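What follows is one structure encoded as structure tokens, with my remarks underneath.
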Amino acid sequence: EGIRIGNDVGAHWQGIAIAADCTLSWLWLNTIAFYTDPDVVCVREPLPYEQARVWAVLLGITGQLLMTSDKMYELSEERDELLRRIFPVADIHPMELYPTDKDHKPCIFDLKVAIPRVGKWDVVALFNWSKTDPRKFELNEARLGLEPGAYIWQDIQRSGPLRLDKEGKMTVEVPPASCRVVSVWPKLGHPQFIGSNRHLTQGAVDVTAVDWNEKALKLSGTSEVVGNDAYKLHVHVPDGYRLKKADGIELYGDMAVLTIRTDKNQRVNWEMAFERRKKR
């Protein structure tokens, strides 16, 4: 059910380039004709951390056959975390936004997520394949095929908001041999779920339901949580609302982060209560 689509790889930049090249050539057949296998993903040293992250994000955002050859018990916590956030393989089919770079490698993947009872959002991976020069990407609604409207733009790695300029676009700079991942959520006008840390797809494999009760001013949902892994839910709190109880919830500007911890894999129901306040 799987077919190898590229050459052997190793824990070096050339190995990443091989995985990127074969992904570009054959991804259109993934899960349609067979599972594409770009060989293993490596995150171990001597790969610099940012290059290891590029490799993990490339496999995680494309939904290809996923294997690793690293000795898990020898990985640092930081590198182990890279692998945690791309397993399991998600049943996804991202769009590649052309053109590619001068070496014909994929530069932008736009994953459009639509989960019944949860919502719709985009996860956009931006890759800089140059080892020497930074690269700037311009993003806007039209570039991602989104309907005109208000959106929440988040930098996943930095867990912070991104802002459009007066012309309705933003410029994201990506350092050499690295990547950035941006999520985009339609603004709903009330407190809303805007991602989890369980998976690169920001909730596509773990969140099964989200509900906003306008009368009770409560946001609730259900998530599949992994035991002994701090599960974080990110919630946008728009102007005009505030948390009624903030115990156990971290606040970062207009974002609230609820952390759930369990000692075993299980389905967890969660809830956050709000109250209205005068808009600033």
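Structural remarks
- Under 5 Å, built H, 5+ apart or other chain: amide partners of V40: V9
- The accessible surface of the stretch 47-121, taken with every protein chain in place and a 1.4 Å probe, is 58 percent carbon and sulfur.
- Portion, in percent, of the accessible area of the stretch 174-213 that falls on carbon or sulfur, probe 1.4 Å: 50
- Each Lys or Arg adds one and each Asp or Glu subtracts one; over the other residues with Cβ under 10 Å from the Cβ of V205, this totals -2.
- Taking one quarter of the surface of the convex hull spanned by the alpha-carbon atoms of the stretch 85-135 gives a direction-averaged projected area of 4.9 nm².
- Angle of helix 13-26 to the longest C-alpha principal axis of the chain, folded into 0 to 90 degrees and rounded to 10: 80°.
- Between R135 and V174, the built amide H atoms are under 5 Å apart, and every one of these is 5 or more places off in sequence or on another chain.
- Charging the Cβ of each Asp and Glu at -1 and of each Lys and Arg at +1, and nothing else, the dipole of the chain about its Cα centre rounds to 1260 debye.
- L188 - accessible surface, heavy atoms, 1.4 Å probe, Å² rounded to 10: 100
- Karplus (6.51, -1.76, 1.60) ³J(HN,Hα), θ = phi - 60°, over the stretch 179-193, in Hz, Gly and Pro reported as x: 8, 9, 10, 10, 10, 10, 10, x, 6, 9, x, 8, x, 8, 5
- Averaging 1/r across all pairs of distinct Cα atoms in the stretch 187-243 and inverting the result yields a Kirkwood radius of 12.3 Å.
- Relative to the longest principal axis of the Cα atoms of the chain, the long axis of helix 49-62 lies at roughly 80 degrees.
- Per residue, the chain exposes 50 Å² of solvent-accessible protein surface, assessed with a 1.4 angstrom probe and all protein chains in place.
- Legend: calculated FRET efficiency, T171 to A142, from the Cβ-Cβ distance at R0 = 22 Å, rounded to 0.05, equals 0.90.
- Taking each of K112/K278; K166/K218; K215/K279; K215/K278; K105/K131; K112/K264 in turn, the alpha-carbon distance tops 25 angstrom for K112/K278; K166/K218; K112/K264.
- Measuring only protein heavy atoms, the 1.4 Å probe finds F137 accessible over about 10 Å².
- Calculated Cα extents along the principal axes in Å (choose from (1) 80, 57, 27; (2) 58, 48, 35; (3) 68, 59, 31), label: (2)
- Peptides 66-72, 16-22, 246-252 ranked from most to least packed, by the mean per-residue count of other Cβ atoms within 10 Å: 16-22, 66-72, 246-252.
- Rounded to the nearest 20 debye, the dipole size of the stretch 78-168 about its Cα centre is 140 debye, using +1 on the Cβ of Lys and Arg and -1 on the Cβ of Asp and Glu.
- Gyration tensor over alpha-carbon atoms, the stretch 121-255, equivalent ellipsoid semi-axes in Å: 28, 19, 13
- The stretch 1-138 - share of DSSP beta bridges that are antiparallel (%, nearest 5): 65
- For the stretch 130-144, putting each phi into the Karplus relation 6.51 cos²θ - 1.76 cosθ + 1.60 with θ = phi - 60° gives couplings of 7, 8, 10, 10, x, 9, 10, 10, 9, 10, 7, 4, 5, 4, 9 Hz, in residue order, rounded to whole numbers and with x for Gly and Pro.
- Mean-position separation - Cα centroids, the stretch 196-271 and the stretch 64-142, in angstrom: 23
The values are calculated or read from the model by the stated rules, or taken from the named source; none is laboratory data. In this text, all values refer to a predicted model and were calculated from it rather than measured experimentally. Positions of Cβ are backbone-derived with ideal geometry, glycine not excepted, and every protein chain shown enters the neighbour counts. Each accessible area value is taken on the protein alone, full model and side chains, heavy atoms only, with ligands, DNA and RNA left out. Shrake-Rupley method; radii C 1.70, N 1.55, O 1.52, S 1.80 Å.
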